[in-house]
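For reference, the structure is listed below as structure tokens.
The values are calculated or read from the model by the stated rules, or taken from the named source; none is laboratory data. All values reported here derive from a predicted model rather than from experimental measurement. We place every Cβ from the backbone using ideal geometry, glycine too, and count neighbours over all the protein chains shown. With ligands, DNA and RNA removed, areas are computed over all heavy atoms of the protein, side chains included. Shrake-Rupley method; radii C 1.70, N 1.55, O 1.52, S 1.80 Å.
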Amino acid sequence: MAENPDLHFLLLPLPEFALLPFGGFLDKLRFSADDEDYSRQRYCAWTILGLQPGHVLSSSGAALSIEATPEEIALADFDYLVLFGGRNAQATAGLAPAYRSLLRRAARAGVKLVAIDNASFLLAACGLLDGHRVAVHWRHEAEFRASFPHLRLAHERLYCVDGARISCAGGTGAIDLAVELLAQGSGRARALKGLADMLVDETRSGQHALRSLHTMPSGERHVDRAIALMHHGLASADGIEQLATSVGISRRQLDRLFHASQGMSAREYWNELRLQHVRWRLLNSSHSLAQLADEIGVSDASHLGKLFRQRFGVAPGTFRRQGGAF
């Protein structure tokens, strides 16, 4: 290891962390940490941290070895503490009692806190995101907004660097975030080192618009923009008139374009997005139907239950108990 690396990272994988963002982030550090491809920690260094010694299981069941516990390190020696969130956002937020002391001590020591994927739920539950903008995965925006309505979401962001609090939506966006942090500490040239080896053509800024958010782009820019706004405003009280205004066309023209490309009106499409969100959340969280109703702007659980039965032919509770096997 170099006598004095430019940057020191603590990597903290939470239970059931996702391997993709963890591997992408760590491999970007590895490529930038040395000349050629020797993988020595010369220009940046990292330590895999855990509350307890042993191993932590990823969401796929693969085990990662812990290198150090909080008692074995000096937090002030590190520039960043990077948390990799678990598969279930609610469960990740529930880890706050166990991690709050460590995270607050790190913040007091001047360590920048980085939340990747659902780790933002943990920082928020610990009260460490107050006054900061937060980037979360698009699938969890409604859940985050409902759980922490006082916090500001950074919409349509791969990552958001806001002072000493940094957040990333996850996935391959962790590679882009690693490049940004390395560029700030070691220079752009070293930050970009190894991207070709990772088969990454170019880095993306935090403001990058994710083209793959829609599995079947309509090919019509007004429709695609309207769908993006729908995804980020599942609970929005704004009507279709306001949506049409936001994309710069009339309500009638918006409906005409939706019928042509999606076979339904804009309102019908928006309602379908909301119900598909509830369907996914029933299988991937333990939140009550009342909480899910709040996430998508439905008046109450009873009304949402009726809408769900009409769309999927089964009551929400039954759907959850059966694991969606219908």
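Answer with yes or no whether residue 256 is modelled with pLDDT of 85 or more, surrounded by 14 or more Cβ atoms within 10 Å (Cβ to Cβ) and of a type in the set (D, E, K, R). The answer is yes for residue 256. With respect to (1) among the hydroxyl-bearing types (Ser, Thr, Tyr); (2) within 30 Å of residue 90 (Cβ to Cβ); (3) at pLDDT below 90, the lone exception for residue 269 is condition (3). Mind listing just one residue for me: the one in segment 150-164 that is among the hydrophobic types (A, V, I, L, M, F, W, C), assigned to a strand (DSSP E or B) and surrounded by fewer than 23 Cβ atoms within 10 Å (Cβ to Cβ) and, of those, modelled with the highest pLDDT? Filtering first and then ranking leaves 161.
Residues that are farther than 21 Å from residue 148 by Cα, at pLDDT below 90 and either surrounded by fewer than 18 Cβ atoms within 10 Å (Cβ to Cβ) or of a type in the set (Gly, Ala, Ser) (or both): does segment 280-297 have at least one?
The initial filter retains those residues of segment 280-297 that are farther than 21 Å from residue 148 by Cα, namely 283.
Pick out the ones that are also at pLDDT below 90 and you get 283.
Pick out the ones that are also either surrounded by fewer than 18 Cβ atoms within 10 Å (Cβ to Cβ) or of a type in the set (Gly, Ala, Ser) (or both) and you get 283.
Taking every residue of segment 280-297 in turn, at least one turns out to be farther than 21 Å from residue 148 by Cα, at pLDDT below 90 and either surrounded by fewer than 18 Cβ atoms within 10 Å (Cβ to Cβ) or of a type in the set (Gly, Ala, Ser) (or both).
Summed over segment 104-127, residues that are under 20 Å from residue 87 (Cβ atoms) and not small (Gly, Ala, Ser) total 8.
The residues of segment 259-270 that are surrounded by fewer than 17 Cβ atoms within 10 Å (Cβ to Cβ) and either touching a helix residue (DSSP H, G or I) at 6+ places or on another chain (Cβ under 7 Å) or closer than 24 Å to residue 316 by Cα (or both), listed by number, are 264, 265, 267, 268.
Here are 147, 167, 186: which of them is polar (S, T, N, Q) and crowded, with 23+ Cβ neighbours inside 10 Å? Explain how you work it out, then say what you get.
On the way: 147 fails: crowded, with 23+ Cβ neighbours inside 10 Å; 186 fails: crowded, with 23+ Cβ neighbours inside 10 Å.
So the residue among 147, 167, 186 that is polar (S, T, N, Q) and crowded, with 23+ Cβ neighbours inside 10 Å is 167.
Might you check whether a residue that is in contact with a strand residue (DSSP E or B) (Cβ under 6 Å, 6 or more places away or on another chain) and open to solvent by 10 Å² or more (accessible area, probe 1.4 Å) occurs anywhere in segment 111-121? For segment 111-121, residues in contact with a strand residue (DSSP E or B) (Cβ under 6 Å, 6 or more places away or on another chain) and open to solvent by 10 Å² or more (accessible area, probe 1.4 Å): present. Just one of 37, 79 is in contact (Cβ under 8 Å) with a residue 60 or more places away in the chain, open to solvent by 40 Å² or more (accessible area, probe 1.4 Å), assigned by the TED database to the domain that holds residue 174 and closer than 21 Å to residue 165 by Cβ; which is it? Only one candidate passes the filter, namely 79. Flag: residue 119 matches the condition of being within 22 Å of residue 20 (Cα to Cα) and in contact (Cβ under 8 Å) with a residue 24 or more places away in the chain.
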